[in-house]
1. Name every residue in the stretch 32-50 that is over 18 Å from residue 69 (Cβ atoms) and exposed (fewer than 12 other Cβ atoms within 10 Å of the Cβ), in order of residue number.
2. Picking from 68, 72, 52, 46, which residue would you name as being touching a Lys or Arg at 6+ places or on another chain (Cβ under 8 Å) and modelled with pLDDT of 75 or more?
Amino acid sequence: MNDAVPETEPGQAPPQDDGGPAAPAPLNVPRTPTGHPEIDAQVRRLADADHLATDGHVEVYENVHRGLRDALTALDTRPGPPSNHGHRS
């Protein structure tokens, strides 16, 4: 195994690898529209994580999850007269 430091041209600094994480980069995951504006807005919001370091992803994911949960809950609370299911008249 060769542990030698690579040679550089005179006056040129050697490449620096600080061992830290790489800069954030988009994952370019395709996002197919669902046809439901509220859901599509939340799915588009996932792209915000592309520009954050990994430790910033959790906040975006939790926010999107909350938005999706709210959209699904809204489907269960449609306006209209209350149902009498299970009650005898």
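The values are calculated or read from the model by the stated rules, or taken from the named source; none is laboratory data. This one's a predicted model, so the numbers in the text were calculated from it and none came from an experiment. Every residue, glycine among them, receives a Cβ derived from its backbone with ideal geometry; neighbour counts consider all protein chains shown.
1. Within the stretch 32-50, 32, 33, 35 qualify.
2. None of the other options fit; the residue is 46.
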